[in-house]
Every structure is written in C-alpha cells, then in structure tokens.
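Peer 1: Provided herewith is a single structure, encoded as structure tokens, for subsequent inquiry.
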Amino acid sequence: MHELSVCQAMLREVARVAAGHDAAAVRRIVLRLGPLSGVEPDLLAEAFPLARAGTVADGAELVIERLPIRVRCDTCGAENEAAANRLLCSACGDWHTRLISGDELLLVCVELESNAECGMANAE
Amino acid sequence: MCDTCGCNVTHGNAHLAHEKDAHGRSAVTVLKDLLSENDRAAAHNRAHFDAHGVLAVNLMSAPGAGKTALLEATIEALEGELRLAVIEGDLETENDANRIRAKGVPAYQITTGTACHLDAHMVHGALHHMALDDADILFVENVGNLVCPAAFDLGQHRNVVLLSVPEGDDKPAKYPVMFRAADLVLLTKADLLPVLDDFDPARAEANLRALASPAPLFQLSAKKRIGLDAWLGWLRGQLQQFKVPGSKFKVGVTAPRFRSVP
C-alpha cells in the first residue's frame, strides 16, 4: 500500500543525485530489497511507471535485486537462509539469531546520461 | 559487515562511478536507504525529542486493537506522576484526539486522508503544535495498520506493538516486519482470553520468538484495568534510562529500519 510513497521518495533522491551531477536524464535505477524491508518488489515495480512520469527519471529502467534472508546464530555461530517469519538457527534451533541480510531497502546506483558530452547526437 | 550493507559488491563497482562511457553515461553509486529523505526527517525529530528530554513512543497495531483505550488507561494511572502528550494518526476524524483531551492530556490529531501510515514529515508538522517542554513522554498513536507503519521511522525512541486477543495468536507470523520492529508487545483485551480460548498466549509468544525478537510480551486489559502494572513499569524503566544524563539512549535495535546504512 505504501509502495507509491516509497517510490516517490526514492525518485526525489534520484533527482537530487541527477542534479548534483548535472545529468540530462536517468537511464537506470538499481535497488536492493530484502523481504524484511516491508516493501514489496512487485508493487514497487508497478508504482514506478506512475511515479517517474514527468521526473528526470521519466524513461528510466528500474532494476530490483532481491536479496535472501540470512541469519547468524548467537548461540552456535552457524549461518543459514531463513523464511521471513522463521528466523531460527537451522543448526541448533535457537531463536537468538541476528539478521545479516534480508532487510535491505537500498538505492544502490543510478545510471545517468550527462548533459555536456552526451548531447542529442548520441541519442539512440 | 560488508555482507550486511552490500558494500562489498559496490566496492567492486566503484571504479565505474563518474566514468562516462562512449554515450556519455555514467553510473553513480548511491548506497542510501530508499527512504533516506524520511529518515533524515526522523533523525531531526529524534534530536528534537532528545533536546526537550521527551521519550517518544510509537504505538502500532491493527485497527481496533485498543491503542486509544490503552492511552486512556495509562493517562489515568500516571496522573500526577508523569506528564504525557499524544499525537494521533488516523485517516479521518478528530475522535481519538478528543478522547485523549477529555482525560486532560494535550493531543494533536494528524488526519492522513488516504495515507496508510504516518511518516516523519507528518510528525514533524504536528510537533509545531505541541509544547514538548511540558511533557515526559510523547505517545504517537500510528494509523491502525500492521503493514505500512513498520517501514517509516518517525523519530521515536521505542516501538510498542499491540496484539489484541480477537486477532488471533498467529499475527506475528503473518506480519513479521511489524512484529520484528517491536521493542515491546502488548497482548491487549486479555480479559477475552477465557471466551476466545483458541487464542494461546504461549503460541503468540512462540511466533514472536521465531522472529528472533527478544521483546517482552505482557498481557493486559485496558478496559478492565487488568495487568497494567507491567506496562507502566516498562514505561517508567525506559524513561529512567532515557533521563540518565549524558547517556545516548539507543533506539530499538530490533527495528530493521534503524540499522545504519553507510
């Protein structure tokens, strides 16, 4: 439900990056999402074409890297993949684990088209 | 911690940053939280709370779990002992703020229209209407929703999640993002346990522990004024820690959105 507002917040950040590099356009936006971030990748991808309209990222591609959930056990030190609602150690069964991956909500990278060097001549 | 933040991958990509290819394209590594704009506002709110010595507690739950009833009972119990203030979040109506004001506590109502959660900017706007110097604890009653509010840091120091008995004991398993964010879980409407006997508090707790959550779980009934002592004791304990001079009161470690992003 909140993916549109997440998308709009992301695009404001992207616009800041683009402005900071004097870019004419944004070609690609790369995100990294974990299942425990509270943001649903499919809904975010659906919201993106609506949110990007009229922004510097109008026409940009959204790439979402989905990360697995991994936990490390505080008790026995084992590491394993886990389900969102079962973050237990698969070796000893303890619940005293730490999340080492799976709650990412990261804007990783923005691919820009530059104002000066690119020009319209290079447009594909 | 490279496997946590993902910087191991981007170190490898770092040489690409700012280098333009033949088409004048360049890749800029950002590595920022998607909600960094909200998080900046949240950090600003938190600094504001710290400066005024106000402990900020975010109450989250499904609609109707008893957040406002809990606040009413808490206000009565702490009258003359602690000064409270409340920010209410709802899609519409001033009803909840009116209930709080009727108990003699200042309340500001945020109506979000259609938004399913509060964000840090909305709370910041509300703070301009509150006299924080006159409060020990500020409660933010979030929009009733077990999904979206978990993703937005408001600047609070603690998250309290209410789970009411009619909702069923499997809610932590169904809404892991929300319950992982809890520093405390309150099992509300516990007076209904004898009637709704398919709700097993032990199962609710097992579902919470399966999220690797160390959050305490207390049973209470705000309406019948049962079991409030553990909750009030927890609040007093948090406030005491918060008020220790010079101590940097840590925000909830279990909340995923509070992890630092390089």
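Peer 1: Going through B:Val105, B:Val185 one at a time, which residue ends up being among the hydrophobic types (A, V, I, L, M, F, W, C), within 24 Å of A:Asn85 (Cα to Cα) and away from every other protein chain (no Cβ under 14 Å)?
Peer 2: Among B:Val105, B:Val185, only B:Val185 is among the hydrophobic types (A, V, I, L, M, F, W, C), within 24 Å of A:Asn85 (Cα to Cα) and away from every other protein chain (no Cβ under 14 Å).
Peer 1: A further question follows. Restricting to the range B:171-182, give me the number of residues that are more than 9 Å from chain A (Cβ to nearest Cβ) and surrounded by fewer than 24 Cβ atoms within 10 Å (Cβ to Cβ).
Peer 2: 1
Peer 1: A further question follows. Condition (residue is under 29 Å from B:Asp197 (Cβ atoms) and out of contact with any helix residue (DSSP H, G or I) (no Cβ under 7 Å at 6 or more places or on another chain)) applied to the range B:89-107: is it met by at least one residue?
Peer 2: Scanning the range B:89-107, I find no residue that is under 29 Å from B:Asp197 (Cβ atoms) and out of contact with any helix residue (DSSP H, G or I) (no Cβ under 7 Å at 6 or more places or on another chain), so the answer is no.
Peer 1: Hey, which of the helices (runs of 4 or more DSSP H) in the range B:146-247, taking only ones fully inside, have at least 1 residues that are without any contact (Cβ under 8 Å) to a residue 40 or more places away in the chain and within 30 Å of A:Gln8 (Cβ to Cβ)?
Peer 2: Values: elements: B:171-174, B:176-180, B:201-209, B:228-243.
Those helices (runs of 4 or more DSSP H) span B:171-174, B:176-180.
Peer 1: Another question, then. Scan the range A:63-76 and give yes if some residue there is crowded, with 20+ Cβ neighbours inside 10 Å, part of a strand (DSSP E or B) and at pLDDT 95 or above, otherwise no.
Peer 2: The answer is yes; a qualifying residue exists.
Peer 1: Looking at the range A:77-100, which of the residues that are assigned to a loop (DSSP other than H, G, I, E, B) and in contact with a helix residue (DSSP H, G or I) (Cβ under 7 Å, 6 or more places away or on another chain) is nearest to B:Ala212 (Cα to Cα)?
Peer 2: Selected residue: A:Trp95.
Matching residues to (1) in contact with a Lys or Arg (Cβ under 9 Å, 6 or more places away or on another chain); (2) more than 29 Å from A:Arg70 (Cβ to Cβ):
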{"residue": "B:Lys174", "(1), (2)": "no, no"}
{"residue": "B:Leu186", "(1), (2)": "no, yes"}
{"residue": "B:Pro201", "(1), (2)": "no, yes"}
{"residue": "B:Leu211", "(1), (2)": "yes, no"}
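Peer 1: Then there is this: Any chance the range A:43-62 includes a residue that's at pLDDT 95 or above, part of a strand (DSSP E or B) and surrounded by 17 or more Cβ atoms within 10 Å (Cβ to Cβ)?
Peer 2: The answer is yes, given that some residue of the range A:43-62 is at pLDDT 95 or above, part of a strand (DSSP E or B) and surrounded by 17 or more Cβ atoms within 10 Å (Cβ to Cβ).
Peer 1: Wholly within the range B:35-127, which strands (runs of 3 or more DSSP E) include no fewer than the required count, namely at least 3 residues that are touching a His at 6+ places or on another chain (Cβ under 8 Å) and closer than 27 Å to B:Lys171 by Cβ?
Peer 2: B:55-61
Peer 1: What number of residues within the range B:11-54 satisfy the criterion of being within 12 Å of another protein chain (Cβ to nearest Cβ), at pLDDT 90 or above and surrounded by fewer than 16 Cβ atoms within 10 Å (Cβ to Cβ)?
Peer 2: Count: 1.
Peer 1: Being within 24 Å of A:Val17 (Cα to Cα) and at the interface with chain B (Cβ under 7 Å from one of its Cβ atoms), is that true of even one residue in the range A:83-103?
Peer 2: yes
Peer 1: With respect to A:Ala121, determine if the residue is modelled with pLDDT under 95 and part of a loop (DSSP other than H, G, I, E, B).
Peer 2: Taking the combined requirement at face value, the residue does not satisfy it.
Peer 1: If a residue has to be touching a His at 6+ places or on another chain (Cβ under 9 Å) and buried (at least 21 other Cβ atoms within 10 Å of the Cβ) to count, how many in the range B:128-137 make the cut?
Peer 2: Adding up the residues that qualify gives 1.
Peer 1: Being buried (at least 16 other Cβ atoms within 10 Å of the Cβ), within 20 Å of B:Gly66 (Cβ to Cβ) and either among the small types (Gly, Ala, Ser) or within 14 Å of another protein chain (Cβ to nearest Cβ) (or both): is that true of B:Leu228 here?
Peer 2: Judged against the criteria, B:Leu228 is not a match.
The values are calculated or read from the model by the stated rules, or taken from the named source; none is laboratory data. Everything numeric in this text was worked out from a predicted model, so none of it was measured. When we count neighbours, we look across all protein chains shown, and the Cβ atoms used for this are built from the backbone with ideal geometry, even at glycine.
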